[in-house]
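What follows is a set of notes on a single structure, which appears directly below.
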Amino acid sequence: QGVVCIFGTGDFGKSLGLKMLQCGYSIVFGSRNPQVSSLLPRGAEVLSYSEAASKSDIIILATHREHYDFLPELVDCLKGKVLVDVSNNLKINQYPESNAEYLAQLVPGAHVVKAFNTISAWALQSGTLDASRQVFVCGNDSKAKHRVMDIARTLGLTPLDQGSLMAASEIENYPLQLFPMWRFPFYLSSVLCVFFFVYCAIREVIYPYVNGKTDATFRLAISIPNRVFPITALILLALVYLPGILAAILQLYRGTKYRRFPNWLDHWMLCRKQLGLVALGFAFLHVIYTLVIPIRYYVRWRLRNATITQALSNKDSPFITSYAWINDSYLALGILGFFLFLLLGVTSLPSVSNMVNWREFRFVQSKLGYLTLVLCTAHTLVYGGKRFLSPSILRWSLPSAYILALIIPCAVLVLKFILIMPCIDNTLTRIRQGWE
Amino acid sequence: QGVVCIFGTGDFGKSLGLKMLQCGYSIVFGSRNPQVSSLLPRGAEVLSYSEAASKSDIIILATHREHYDFLPELVDCLKGKVLVDVSNNLKINQYPESNAEYLAQLVPGAHVVKAFNTISAWALQSGTLDASRQVFVCGNDSKAKHRVMDIARTLGLTPLDQGSLMAASEIENYPLQLFPMWRFPFYLSSVLCVFFFVYCAIREVIYPYVNGKTDATFRLAISIPNRVFPITALILLALVYLPGILAAILQLYRGTKYRRFPNWLDHWMLCRKQLGLVALGFAFLHVIYTLVIPIRYYVRWRLRNATITQALSNKDSPFITSYAWINDSYLALGILGFFLFLLLGVTSLPSVSNMVNWREFRFVQSKLGYLTLVLCTAHTLVYGGKRFLSPSILRWSLPSAYILALIIPCAVLVLKFILIMPCIDNTLTRIRQGWE
Amino acid sequence: QGVVCIFGTGDFGKSLGLKMLQCGYSIVFGSRNPQVSSLLPRGAEVLSYSEAASKSDIIILATHREHYDFLPELVDCLKGKVLVDVSNNLKINQYPESNAEYLAQLVPGAHVVKAFNTISAWALQSGTLDASRQVFVCGNDSKAKHRVMDIARTLGLTPLDQGSLMAASEIENYPLQLFPMWRFPFYLSSVLCVFFFVYCAIREVIYPYVNGKTDATFRLAISIPNRVFPITALILLALVYLPGILAAILQLYRGTKYRRFPNWLDHWMLCRKQLGLVALGFAFLHVIYTLVIPIRYYVRWRLRNATITQALSNKDSPFITSYAWINDSYLALGILGFFLFLLLGVTSLPSVSNMVNWREFRFVQSKLGYLTLVLCTAHTLVYGGKRFLSPSILRWSLPSAYILALIIPCAVLVLKFILIMPCIDNTLTRIRQGWE
Ligand SMILES: Cc1cc2nc3c(=O)[nH]c(=O)nc-3n(C[C@H](O)[C@H](O)[C@H](O)COP(=O)(O)OP(=O)(O)OC[C@H]3O[C@@H](n4cnc5c(N)ncnc54)[C@H](O)[C@@H]3O)c2cc1C
Ligand SMILES: Cc1cc2nc3c(=O)[nH]c(=O)nc-3n(C[C@H](O)[C@H](O)[C@H](O)COP(=O)(O)OP(=O)(O)OC[C@H]3O[C@@H](n4cnc5c(N)ncnc54)[C@H](O)[C@@H]3O)c2cc1C
Ligand SMILES: Cc1cc2nc3c(=O)[nH]c(=O)nc-3n(C[C@H](O)[C@H](O)[C@H](O)COP(=O)(O)OP(=O)(O)OC[C@H]3O[C@@H](n4cnc5c(N)ncnc54)[C@H](O)[C@@H]3O)c2cc1C
Ligand SMILES: NC(=O)c1ccc[n+]([C@@H]2O[C@H](COP(=O)([O-])OP(=O)(O)OC[C@H]3O[C@@H](n4cnc5c(N)ncnc54)[C@H](OP(=O)(O)O)[C@@H]3O)[C@@H](O)[C@H]2O)c1
Ligand SMILES: NC(=O)c1ccc[n+]([C@@H]2O[C@H](COP(=O)([O-])OP(=O)(O)OC[C@H]3O[C@@H](n4cnc5c(N)ncnc54)[C@H](OP(=O)(O)O)[C@@H]3O)[C@@H](O)[C@H]2O)c1
Ligand SMILES: NC(=O)c1ccc[n+]([C@@H]2O[C@H](COP(=O)([O-])OP(=O)(O)OC[C@H]3O[C@@H](n4cnc5c(N)ncnc54)[C@H](OP(=O)(O)O)[C@@H]3O)[C@@H](O)[C@H]2O)c1
Ligand SMILES: CCCCCCCCCCCCCCCC(=O)OC[C@H](COP(=O)(O)O)OC(=O)CCCCCCCCCCCCCCC
Ligand SMILES: CCCCCCCCCCCCCCCC(=O)OC[C@H](COP(=O)(O)O)OC(=O)CCCCCCCCCCCCCCC
Ligand SMILES: CCCCCCCCCCCCCCCC(=O)OC[C@H](COP(=O)(O)O)OC(=O)CCCCCCCCCCCCCCC
Ligand code: HEM
Ligand code: HEM
Ligand code: HEM
């Protein structure tokens, strides 16, 4: 499949060379000290930079940007050749221009292509390419780019054309990112968790301690998390569907869809998927915490004591059908809500969402999503049940946490209900179809 | 990357133009009123149709089919150019011929290519291409098709060659579909659910009401769904494996595999995956409903009362090992069955099934699938246990629901057992290998 | 799209021919008896081998290797043509050389390409290409290879270039494999399960029988599996992270990373993913077995009896906060551990891992993975709690099973703790960055 030259016999150069040899390429390394370079893959030649460059018309530059200074001398022998920049930086936007653009300035005659920087040397070596096999490629010369993409494909990687060399700085930042879209959902949910944890601890640990000197600290392990997690899940779920409503109101107000949303709304709308998945995580925790209830020592002890008390007092406890109804319905609502929640999660898996068309995806995410929200809100409302308005739930005039939790979901549902009334819905549809 | 012309400055035209500009293309719009057209992406030119067409040899037609009537005038300047039809209809098979074929008749000299109709304008705009990135492409001219596929690839989409323009009508119907393969499983399971719901309601709510005036309506929320769901799951699971058996019998009877199955069998076999996943959904609901049992008010109340009654009557309740055995085994069987069920579900995920070879896929789906069916059937059988034959389970001469539920699964297992007996299996294998 | 010739009108030839016809190719079959061959897809011609070969310059050879003997006669008319070998064998490495290489020897003038052998005839026929759509392609002639890859792409398959014809034997072995990487984890976990099952059976069934003639056999169904499964899960989880530590120690000892690990370590490191997923399966079983506890007859009976005994003896059972703390914390630790475990599982899904970059993947798999191990170990330690050192847990001087289970996880955590101490960590980092 032709000869490829690699400059630099470091970690990445070696690994890539080995992989390419296995895939049938001939490899020539260019090195500062061709003699010293040892431990190279068998079958590869090591020459000086200029000699190596003359052997191939595609050169992969596997050295750090800091050491590009030897290149200007080679401008002549690199003229017209494809020069692949694989370098990464240590920090996001470390230099004013991207490494690839810097390289293009250094070696004006060469066709610089950015590629392979997202692939880890160690992964190439060990063969476990479990994380992304995507190779983002960009460059100004279309032919050079396609040659590099062919190489990537031959190595079993997935090249993705990202356009001109201007895209290089984004490509260089990519491997340094750590879940950028998950950051906002993560912080938001942390804040919510901490707030409700403290809130519940005040109501359920400090209050009884102050009022009755009872030690309820053990509630911190399960009882309180099992309030905090579902509340966070519910609020996050509502916050997934709130931006869509705000967007609709804005569009109605402006009368057009051709003006950009404010930045915060845009960003919010783009991280709804992540918000929803974090909510799913919390809902999952809530479910397991709930299912574990009957094997807790505290619950068993309470149950046993209640039974004994009743047996000893010989009092009859009649079966109250309305209690059974309320209890069973809120459980059933929760279960169905959780099931739909999981369905939303499954359809977020990239491979599943890639198999459905837009109509189907929106049906699941938007229609079933709202149904999920309705079910989960109803679950909480019915759980609250009669307790809701009884004054005894106020402790230090703090209402139960779930009452706070219901504010946003209920608001979202009411607004949505208004928006889908025919008169408003028609206007909105007209606006969205672009008929101004 | 060259100039591309887009006819129509509507929603889709604008969105696509913007995206293409971002990916390095130059865009020329063709419009009825080049002056009026506003709000266009920066960097794009707007000209009259004929002027725009002359600037590029690839033209994307972003107007509705109803407005194709301006095209015949342009036949000359479109001669030999690539004309991309992106249009969708409002209903499946709305017109006798597909839009793309209609276009090819209107502009005979152009190379018509159908593409991009599955991509939503709004998704292009907002950048959240979460649903399918697949672009189905078809056309009679192979070179034109490849150019369009290259564009799709550059935009980060996945082009799929669908052959000649005859495929256009299928491609145009695709975005209008709403889970076609899931429809039959959905209706079937709805019918099963409703039937068993009514059946159980008669036995467990109406019967006690008529016979003893007891109000058992609260059973409608959890107790009865927790009969209906597992029964539906079990029957659906059996129906996944029934068509394979029918096919085998048919092949044995005909002595050849080279005759098509009847249509209903073919369709049934093609939606086994969906049937199985729906069954998994119901099984999942059953599991959660079951795990929730001990926190139900009704169950706790009954338990407490039973304990108190026993305590007060001072009767000893000895531990019966056989009960413990039966109870523990049916739970264990259910758990193992559910686990394998989930495994079948995981291997149905497109990305996982794409990583396994045929032998592995069939090992999981066929071998482990039957094992799942065996375990789930055994779970139900052991659950039935002794109750099975006691006459007291008849109410108004209706047997317990699970007895009805067992008919199909047991039949499937017996038939399969017969089919895998060596003599029959050998004949079948011979037929399937094509040695007639 | 041109004419393609298929030699052999067997199962695979027919199915492939039909599929290609549907995708717009013209097909000519070559057969021993062109007259007899019936049941062929409509639109296809059947000729003698030499006639058929003359009609196309790409020939797909759909006969078994055993019948390649007719080919030497055709050497002339196959000269310069692309000859595609699709054959499979019945056993791994059945012949000294691969079928494709053998074919290349038989027909020296043709460009032999290996392809399509991973696709099942039946899947092609029935249209349910649910398992892999990957077509591995190899061949010495790059142009021939690309033509075959184009055909595969047109059929909706995913061609993967595997290099020169030397790769053919690997490609031929692929469809015969049955989860090769899962074998070691499977055997290992089986051994662990059996060992701990017997161990627990001795302690909990045989011991009470011998000592007190109590029949505890029913424990074999749930109680003992619910010891065996979590223990296996925990040990397997620890064994996922042990090889990384051994590798680090080896690198420290050798002072370089450029020497290969011993084979056993290499293999172990490559099947960590599978080990981890099997561990997840066992953990999942543990969780369901645990959640099912309160609906077991045995547990309910014991609870009721304990309550009655207490009620009758009129003894007070005070609430012990430390018990509640211990109980709630080990449950909470288990739940959080399981949640992270699932997260590791979700990120192993090929489509998800393909969306994250290396930094993110390693963050989840390595950092969160160790956190999972810490949580699960802590769960078991706290569960053991005080019981740990009490001599009464020895039966026939066998300690509780979970004590054995803790040995490897604790060792792994201690070693890891040593390795991340700054001085050692720095040395290691230096070694791994290749600065020797
Ligand atoms: C568990 C879980 C998983 C999730 N996974 C995903 C995921 O994978 N991907 C994802 O994107 N979201 C995901 N979400 C988030 C959420 O479900 C979706 O974003 C959902 O589509 C939002 O529905 P909506 O009806 O509020 O908003 P949308 O349908 O997006 O509508 C919101 C606003 O967009 C505008 N709009 C919509 N259509 C048009 C149009 N044709 N033209 C112009 N403007 C338009 C309108 O202003 C509208 O008000 C997930 C949520 C959860 C809970
Ligand atoms: C949770 C769950 C998920 C599922 N996911 C999937 C999925 O993703 N994809 C999927 O396809 N199914 C799926 N299924 C359905 C089911 O598991 C499979 O279809 C399974 O392969 C059926 O096995 P079988 O042995 O009955 O049928 P098959 O193996 O398909 O055999 C059925 C009949 O096909 C014919 N046949 C089989 N092999 C050949 C051959 N070589 N030549 C000629 N004829 C042949 C025979 O007539 C045979 O009787 C799922 C099921 C469940 C419960
Ligand atoms: C549920 C579950 C799912 C899992 N799924 C996967 C999966 O999908 N894919 C997968 O790979 N694993 C998977 N695993 C296994 C495990 O999580 C990972 O292998 C994890 O990366 C191991 O982390 P580590 O820190 O021990 O090892 P690593 O990070 O791999 O490090 C191990 C050793 O490799 C060497 N090393 C690491 N980095 C370098 C480097 N840059 N240069 C030279 N040497 C280096 C060092 O010697 C190091 O000690 C899974 C585990 C579980 C429990
Ligand atoms: N390692 C990875 O996982 C990875 C992944 C993606 C991208 N990359 C990129 O690949 C490039 C190489 O990374 P690496 O990990 O291989 O680095 P490395 O191990 O430090 O190797 C760098 C090589 O550059 C050469 N070099 C040329 N001039 C040099 C100088 N003045 N000082 C030192 N070395 C000089 C040396 O080769 P000679 O001795 O032969 O001259 C040296 O081996 C970097 O740009 C990096 O961002 C690395
Ligand atoms: N919107 C989507 O999500 C989507 C997705 C896939 C495919 N499509 C397809 O793309 C095409 C365009 O859809 P669209 O949503 O962009 O529609 P649109 O917003 O209604 O735009 C249609 C455009 O067609 C032009 N046009 C030409 N002759 C016309 C006439 N007689 N009357 C009205 N307009 C005429 C107009 O542009 P000028 O004013 O510049 O002449 C107009 O802006 C349709 O075929 C549609 O099926 C749309
Ligand atoms: N079946 C699959 O699922 C599958 C999957 C992947 C690969 N393959 C490979 O495809 C090839 C064909 O498999 P198949 O299942 O189609 O086999 P098959 O049904 O047995 O067909 C073999 C064909 O080879 C021809 N043939 C030529 N010389 C022959 C001879 N001396 N004796 C018998 N037949 C002779 C016959 O066609 P004529 O009567 O027309 O001469 C016969 O129909 C094999 O190499 C197989 O490994 C099969
Ligand atoms: C019983 C249910 C258990 C559910 C546990 C769910 C927890 C989910 C928490 C979120 C997981 C996020 C993974 C993050 C990885 C990542 O960063 O992944 C990063 C990628 C890409 O992210 P960007 O779009 O931000 O680049 O994200 C994804 O692809 C998200 C895929 C999410 C998949 C969620 C799947 C949930 C599945 C539930 C499935 C199953 C059902 C079954 C149940 C029995
Ligand atoms: C704890 C277990 C929870 C399981 C909950 C499972 C419910 C499953 C119900 C079916 C889901 C169907 C999704 C439909 C989307 C769709 O239409 O998807 C459409 C696509 C394409 O469909 P077509 O083939 O019909 O075109 O279908 C798929 O790709 C199906 C993928 C199904 C994935 C099912 C995954 C189940 C996963 C279980 C996972 C996890 C295990 C984990 C557990 C802890
Ligand atoms: C409630 C949680 C239930 C979890 C049940 C999990 C059991 C997992 C057991 C392992 C499954 C292995 C599949 C093997 C198929 C195979 O061979 O697959 C083979 C492929 C390729 O294997 P090779 O790399 O060896 O070639 O493997 C994979 O791609 C592995 C994908 C594994 C996916 C595991 C997903 C676990 C998902 C958990 C999801 C969900 C969360 C949700 C929960 C609520
Ligand atoms: C299987 C599904 C579910 C079950 C069995 C279930 C069960 C319960 C139970 C038993 C409670 C009362 C807890 C207590 O007494 O402390 C509860 C409360 C609650 N649940 Fe659920 N639930 C489920 C799903 C959900 C989902 C998906 C959500 C939404 C995100 C949710 C949100 C809530 C909220 C907000 C509360 C009130 C918390 C509080 O203040 O105590 N639940 N749930
Ligand atoms: C974790 C796994 C499972 C557990 C713990 C479990 C548990 C139970 C329990 C406790 C019952 C009795 C319910 C009652 O008394 O009303 C039951 C019944 C039943 N289960 Fe399961 N089960 C599991 C999985 C499954 C699966 C996978 C199936 C098959 C699809 C299944 C099918 C059934 C059926 C058909 C019944 C009889 C329903 C009736 O008529 O009451 N179960 N199961
Ligand atoms: C939802 C999560 C979990 C819950 C509710 C849970 C609960 C429990 C319970 C109740 C026990 C005591 C069992 C008995 O008394 O026989 C236990 C034991 C144990 N668990 Fe978990 N667990 C969870 C997750 C995990 C995970 C992820 C692991 C690790 C892989 C694990 C490992 C163990 C081990 C090793 C034991 C000791 C087994 C024995 O010898 O009895 N658990 N767990």
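Laboratory data are not the source of any read-out in this text; all were calculated from the coordinates shown. Treat the numbers as computed from the prediction; the structure is a model and nothing was measured. Glycine also receives a Cβ, built like all others from the backbone with ideal geometry; neighbour counts cover every protein chain displayed.
Once you treat every alpha carbon in segment A:93-181 as an equal point and sum by Debye, what is log10 I(q)/I(0) at q = 0.12, 0.21, 0.24 Å⁻¹? Computed log10 I(q)/I(0) values: -0.37, -1.05, -1.24.
At q = 0.14, 0.15, 0.19 Å⁻¹, work out log10 I(q)/I(0) for segment A:339-422 with the Debye formula, treating every Cα as an identical point scatterer and leaving solvent out; two decimals please. For the requested q values the scattering log ratios are -0.64, -0.70, -0.91. The angle between the Cα long axis of helix B:11-22 and the main principal axis of chain B comes to about 80°, on a 0 to 90 degree scale.
Set the Cα radius of gyration of segment C:182-330 against 2.2 N^0.38 Å, with N its number of residues, and you get 1.48. Footprinting exposure proxy ranking of B:5, B:77, fewest other C-beta atoms within 10 angstrom first, gives B:77, B:5.
Rounded to the nearest 0.05, what FRET efficiency is calculated for residue C:417 and residue B:418 with R0 set to 60 Å and r the Cβ-Cβ distance? Don't skip to the end; give the middle numbers.
Values: r = 60 Å, r/R0 = 1.01.
Efficiency, from the Cβ-Cβ distance: 0.50.
Residues of segment A:49-77 with amide nitrogen under 11 Å from the 7 Å Cα-to-Cβ point of residue A:26? Label zone hits: A:55-56. With the convex hull drawn over the C-alpha atoms of the protein assembly as shown, the volume per residue is 223 Å³. For chain A, the longest principal axis of the Cα atoms and the long axis of helix A:321-348 meet at an angle of about 10 degrees. By the equivalent-ellipsoid construction on the alpha carbon gyration tensor, segment C:394-436 comes out with semi-axes of 38, 8, 6 Å, ordered largest to smallest. With helices as the sole contributors, chain C gives -17500 deg cm²/dmol at 222 nm; each DSSP H run of n ≥ 4 counts as -39500 (n - 2.57), and the sum is divided by every residue. In a Debye calculation with equal point scatterers on the alpha-carbon sites of chain B and no solvent, what is log10 I(q)/I(0) at q = 0.06, 0.08, 0.09 Å⁻¹? Here the Debye-derived log intensity ratios amount to -0.45, -0.69, -0.79.
Computing FRET efficiency as 1/(1 + (r/R0)^6) for residue C:35 and residue A:366, where r is the C-beta to C-beta distance and R0 is 56 Å, gives about 0.40.
Which percentage, to the nearest 5, of the DSSP beta bridges contained in chain B is antiparallel? Walk me through the numbers on the way to the answer.
Details: 3 of 26 bridges.
Given both bridge residues lie in chain B, the antiparallel proportion sits at roughly 10 percent.
Pop the C-beta distance of residue C:91 and residue B:312 into the FRET formula with R0 = 56 Å and round what comes out to the nearest 0.05. Efficiency, from the Cβ-Cβ distance: 0.15. Computed over the alpha-carbon pairs of segment B:128-261, the distance histogram in 10 Å steps reads 10, 20, 17, 21, 18, 10, 4, 1 percent, short to long.
With the Kirkwood sum run over all distinct C-alpha pairs, segment B:284-436 has a hydrodynamic radius of 19.5 Å.
Label-point distances for residue B:202 to the equivalent site in the other copies, using a point 7 angstrom along Cα→C-beta, read 5.8, 5.8 nm when ranked shortest first.
Assuming 1.002 mPa s and 20 °C, estimate D for segment A:234-280 with Stokes-Einstein, Rh taken as the Kirkwood radius over Cα pairs, in µm²/s. Before the final figure, lay out the partial values.
Numbers: Rh = 11.2 Å.
This corresponds to a translational diffusion coefficient of 192 µm²/s.
Each principal axis of the Cα atoms in segment B:1-58 has its own extent, and those three values, largest first, are 26, 23, 16 angstrom. For residue C:76, the distances from its label point to the matching points in the remaining copies are 5.7, 5.7 nm, ordered from shortest, with each point set 7 Å beyond Cα toward Cβ.
Just add up the charged neighbours of residue C:394: K/R +1, D/E -1, any other residue whose Cβ is under 14 Å from the Cβ of residue C:394.
For residues surrounding residue C:394, the net value is +2.
In straight-distance terms, cross-link reach from residue B:91 covers every one of the lysines whose alpha-carbon lies under 19 Å from its own, apart from those fewer than eight places away in the same chain; here that gives B:114. Distances between equivalent label points of residue B:64 across the copies, with each point positioned 7 Å along Cα→Cβ, amount to 6.1, 6.1 nm, shortest listed first. Spin-label model, residue A:105/residue B:51: points 7 Å from Cα along the beta carbon direction are separated by 3.9 nm.
Using the Cα atoms of segment A:37-86 to build a convex hull, what is its mean projected area in square nanometres? If you can, show how the numbers build up before the last one.
Working: hull surface 15.8 nm².
One quarter of the hull surface, i.e. the mean projection, equals 4.0 nm².
For chain B, the longest piece that avoids every one of the chymotrypsin sites (Phe, Trp or Tyr not before Pro) found in DSSP loops with at most 16 other C-beta atoms within 10 Å covers B:1-257.
When only alpha carbons are used to place a centre, segment A:247-303 and segment C:1-28 end up 52 Å from one another. Taking the charge dipole of segment A:20-102 about its Cα centre, with +1 at Lys and Arg Cβ atoms and -1 at Asp and Glu Cβ atoms, the residue from A:23, A:70, A:53 reaching farthest to the positive side is A:23. Could you tell me how far the Cα centroid of segment B:153-192 sits from the Cα centroid of segment B:309-356, in Å? Distance between centres, Cα-based: 39 Å. Note on segment C:296-373: the alpha carbon radius of gyration divided by the globular reference 2.2 N^0.38 Å gives 1.88.
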